Amino acid sequence: MLKGIFSKFKKNEESKEINNPEEIQDTKEVIEEEQQVEEKSEEIIETEEVAMDMASDMKEEVASPKAGLFEKLKMGLSKTRNGIVDKVDSVLKAYKKVDEELFEELEEILITSDAGVNTTMEIIDRLRTESKKRKITESEELRYLIKEILIDILTLEESNELNVSNSPSVILVVGVNGVGKTTSIGKIAHRMKGEGKKVILAAGDTFRAAAIDQLEIWSNRVGVDIIKHQEGADTAAVIFDAIQSAKSKNTDILICDTAGRLHNKKNLMNELGKVSKVLEREFSEAAKETLLVLDATTGQNAIQQAKVFKEVTNINGVVLTKLDGTAKGGVVLSIANELNIPVKLIGVGEGMEDLQLFNPNDFVNALFGE
Ligand SMILES: Nc1nc2c(ncn2[C@@H]2O[C@H](COP(=O)(O)OP(=O)(O)OP(=O)(O)O)[C@@H](O)[C@H]2O)c(=O)[nH]1
């Protein structure tokens, strides 16, 4: 409703002719002020919506019996299963014999599921070579081989496990706005608390007041402490305070949010560099893990974001959110193969329990519906 009032106001303003320079300046200021009020009101609406969503999530979680983790994973991957495996199965059925045309069809399926060109080429090359070596001639026998290759691609030297067994540990969470950073922090905190760990959150995304408010809602929901400053405060200062609090309360895990502005690589580098320095200096005894949050629904865009973050900081793992909302989950292959970063957590729904530890075997089995 507010938006409507502002646009009417703007329309009236636009229809008047303004020639006097002072009047132009005044008008500009009024419009700027109105824009600021409009942005604030959008943030308030956004925060209220998040609170309402959370309340309905909580009701659902209480109402529905807990499906097994693997069943949840299967459910969460159903769109990607339609996008990849169902298509693979119908091609394998249609072609019967293993030949070049079949490989081309499989290649197209992988490309359209956002597995990325290089990763797709690698998978198809390995499929070609291995099927020849193992003398596979019937197309349906390829299914097992495809699974084997996918598991191998997803299994990197670096473990998929979260490095949080040390107490204290710090998880620094980076990623651009809107990818599910705040939600993921809340879900990680919930998971850690469930494991009996004492958790503190640091509201380091000080760029927008809504980000601080949303993290606070999560801290209340999960029942963990939060350290926050005002909007616009220095992220490193928030982290500094959070470290002192974590030390005095013997916290096991400090989870730090950060602002994810990508439009200036130098700023991003400076900001994350400053945070890392504070962590090294003030909390050298803590094990550190930097997790990059990527939104699976953005497909190959997520790969581009990861490349920029990889250039400016050392990423230990990826949290891939919203896999339940996309048929293009092939991006997970691209992350492992092209970026060589282990996927550690995957988001398969909006509920608190819907952030699962990533395991290549389980993932591929769930994807193939086994
Ligand atoms: N379906 C689904 N939705 C998710 C998942 N993870 C996050 N979301 C939703 O994605 C939206 C954005 O999440 P946020 O956590 O607010 O994103 P953010 O990156 O913190 O964004 P900012 O607060 O703008 O920085 C919210 O509506 C979340 O509920 C997921 O795994 N599955």
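Observations on the structure shown:
- Amide H contacts of residue 227 (H built 1.01 Å from N, under 5 Å, at least 5 apart or other chain): 201, 202, 203
- When the C-alpha to C-alpha distance is required to be over 22 Å, the pairs from 74/193; 72/228; 93/132; 181/249; 147/307; 197/277 that qualify are 74/193; 72/228; 181/249; 147/307; 197/277.
- Segment 277-367: antiparallel DSSP beta bridges as a percent of all, rounded to 5: 25
- Whether segment 91-140 is rounded, prolate or oblate, judged on the alpha carbon gyration tensor where a/c under 1.5 counts as rounded: oblate
- Contour minus Cα-Cα distance for residue 78 and residue 137 (0.36 nm per residue): 18.3 nm
- In this structure the amide hydrogen of residue 317, modeled in the peptide plane, comes within under 5 Å of the amide hydrogens of 290, 292, none closer than 5 places in sequence on its chain.
Every read-out reported here was derived from the displayed coordinates using simple, explicitly stated rules and does not represent laboratory data. Remember, predicted model here, so these are calculated numbers, not experimental data.
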